[in-house]
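The values are calculated or read from the model by the stated rules, or taken from the named source; none is laboratory data. Computed from a predicted model, the values in this text were never measured in an experiment. Here Cβ is always computed from backbone atoms with ideal geometry, including for glycine, and neighbour counts include all displayed protein chains. Side chains included, ligands, DNA and RNA excluded: accessible areas come from the protein's heavy atoms. Shrake-Rupley method; radii C 1.70, N 1.55, O 1.52, S 1.80 Å.
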Amino acid sequence: MFESDYAEIKYIAKDNVVFHTWKKEAHYENYRAPVMTSLSLLRIHKGSYFVVDARNGFEDVKEDLEWGFDYFLPELKKTGCKIWGFILPETSAIEGEIDLWTNEIEKHFLVIRAESYDEIIKMINQR
């Protein structure tokens, strides 16, 4: 478990999910510390699913985006995670940012986008 002003991360055993909720805009250490916690939980719970509640999402600064693509995604792949869920409204103010991440994530993971946690879990269970 992790909680800061910027994010909350927890493991939900019944769904085998590392659930990462962004609370507000975060950059540099305020961004990377929660992401590293998610990565740590994904390493502990091999093969779990990663679900990100991005309804309070934001545009990443260039350095965080590069770090995410160059470090986080390759490390995430090593955990055995195969599915990344995004909780977002049907249309989001950060569509460009989400598209950028989705294009990169889809190279290694199945991406599921839905408007709620329960919808994502339902889609995972239908696979």
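Overview of results
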read-out: Residue ID - most open to solvent (accessible area, probe 1.4 Å), chosen from residues in the range 67-90 that are in contact with a Lys or Arg (Cβ under 7 Å, 6 or more places away or on another chain) and among the aromatic types (F, W, Y); value: W67
read-out: Single unsatisfied condition, D118 versus (1) part of a helix (DSSP H, G or I); (2) within 17 Å of D15 (Cβ to Cβ); (3) touching a residue at least 24 places away in the same chain (Cβ under 8 Å); (4) over 14 Å from the mean Cα position of the chain (by Cα); value: (3)
read-out: Given (1) farther than 19 Å from G47 by Cβ; (2) modelled with pLDDT under 95, number of the condition G68 does not satisfy; value: (2)
read-out: Residue match in the range 47-54 (condition: over 21 Å from E104 (Cβ atoms), touching a helix residue (DSSP H, G or I) at 6+ places or on another chain (Cβ under 9 Å), open to solvent by 50 Å² or more (accessible area, probe 1.4 Å) and at pLDDT 95 or above); value: no
read-out: Yes/no for R43 being of a type outside the set (D, E), open to solvent by 80 Å² or more (accessible area, probe 1.4 Å), within 15 Å of the chain's Cα centre (by Cα) and under 22 Å from K23 (Cβ atoms); value: no
read-out: Pick from the range 91-115, criterion closer than 16 Å to L76 by Cβ, among the β-branched types (V, I, T) and part of a helix (DSSP H, G or I), ranking: least open to solvent (accessible area, probe 1.4 Å); value: I105
